[in-house]
Amino acid sequence: MSQNDQPLSEVYTSKHFKEKFIYPKELNSPKLKMAIFGGSSANGYGTPINFEFILKSFFEDKMIIHNYARNGAPFYKFQGEIAYKIMQYYDIIVIYSGHNELWAQAFEKSLNIGKAIKHPSIGKIDGAIRLEQINQVTSRISKDLSLKNNLIYMASNRLIHTILSESRIYYFVKRVINRSLAYFKNNEGNIQNSEIYKYYTDNELSNHIDKKKLISDYKRVIEKIINKKSENQKIIIATVMTNDLFPPLQSKIPDNIKDILLLETETDNTYRLIKKNNLKKNFKELNLNSEKYWGKQNSHYNFFLAWNCVYNIPNKFKSLFKYCSENFLQARQKDALPFRVLPELNKSILSLKNKNKDIDIIDIYGKLFEVNLQDYQKYFVDFQHPSDIGHLLIAREIIKKIYPNSFDIELLNDCGKIRIIKNGEKKTYSLSKGKVIDEINTNITWLKIFMEKVQAKSYYELYLKKAEEKKLICS
């Protein structure tokens, strides 16, 4: 690979682990302190305005906000461990995480069997070194926290530097994404390490048993953090937005299917019909009424049924999830490459609401249930990352749990400018042009990389067109 190539791993870690995460003076401050934990969505990946920027603009110098979220970082075995070790230094803990749990599990599976896992659509997944590095760092954190002298200094200058600037961790996250999503230019020959995502596979990266364990692992770490909560701390946990209008990346080959090539062709034809918006007309011809024909485990079949539902409901009822949610959710749940958050993981977050009165659960995903089809698309920049509007939704819900008075936040344009109205005052905040263009370019790169791998490209093309139009406007 030439130095000029930029794999998705480099894009995901464009902010890297800079020295800005060393907070010695700020941790000593008497001001309220908030810590954010999560993956790329919480880190504002691919969009100029993110909820960290909105929260910092809203609270200004009244609150110190530190964002520990990292692109590609799972909560189990990484972000959750960091949160548990340093939460005692913060008044408010915000957790927005769930898309990346697949990777913690995949590397753990590799570690348990003592060898790398080879997957045709992803390549080699070697967990032994990666997970051992995480264990070394968390052990070092525990040792630092056991020191009684200069605790704040240690927690800020060494502990946080260890977690977020340590090259071993940086390369862990970098290689996770590198192996999972970054596919390089054809002329470099690296594309041969993995296949184009066929519609069907006999090699599930995560089967239904794995998915149950994934959710259990995530919930266990969350409960561990909740149990450590002090009396005066506030913990805010959000369900995770994900774009269900995107098709599943792959489906397990149904057990009853003998002619997989025919099924691949039928699936491709159906996606083309969806693109043309005439699935309703061809519904019977395509045998979508027959689960036996498509197979019970077929995630694409659930996706087709969901779109058929959308086409058949009256226009005034275009809040698609209220009427068509079940099959959209099943399509995501059965995805053989579950890069998006599993529906059951969001449900597990919501289940904490009645069991733990001392924490605040905000249902970000549920807020989209009443959004109409056209507006729904505006909340994302791809199949999982929130757009400016999506981040505004997240920020508003977090602020409601902290700020007792009325307020309003407006997006003034698509180029990083917002207005905040509170206490009878209006203030405008904006990002630099360079920051805006950089994030739009990140989004464009992400979409182009995936377009080289997927067969149903129309969804990616739609968001790529929007991103390129936004770049022209903001340049």
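The values are calculated or read from the model by the stated rules, or taken from the named source; none is laboratory data. Since we're looking at a predicted model, the values are computed, not measured. Every residue, glycine as well, gets a Cβ built from its backbone with ideal geometry; the counts of neighbours run over all protein chains shown. Remember, those area values only see protein heavy atoms, side chains included, never the ligands or the DNA or RNA. Shrake-Rupley method; radii C 1.70, N 1.55, O 1.52, S 1.80 Å.
Tabulated results
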quantity	calculated
Dipole of segment 31-127, positive end: most advanced residue of 82, 34, 49 [Cβ charges, Cα centre]	82
Accessible area per residue in Å² at 1.4 Å probe, computed on segment 196-236	53 Å²
Distance (nanometres) between label positions extended 7 Å along Cα→Cβ at residue 441 and residue 458	3.2 nm
FRET efficiency for residue 262 and residue 213, using Cβ-Cβ distance with R0 set to 45 Å, rounded to 0.05	0.85
Label-point gap, in nm, between residue 26 and residue 422 - each point 7 angstrom along Cα→Cβ	1.7 nm
Phi to ³J(HN,Hα) by Karplus 6.51 cos²θ - 1.76 cosθ + 1.60 over segment 109-118, Hz, x for Gly, Pro	4, 4, 5, 5, 8, x, 7, 5, 9, 10
Within the accessible area of segment 333-475 (1.4 Å probe), percent carbon and sulfur	47 percent
Amide H within-cut-off set for residue 380, under 5 Å, with H built and near neighbours excluded	387
More than 15 angstrom apart: percent of Cα pairs within segment 216-278	72 percent
Pairwise label distance in nanometres, residue 363 with residue 432, each label 7 Å out on the Cα-Cβ vector	4.2 nm
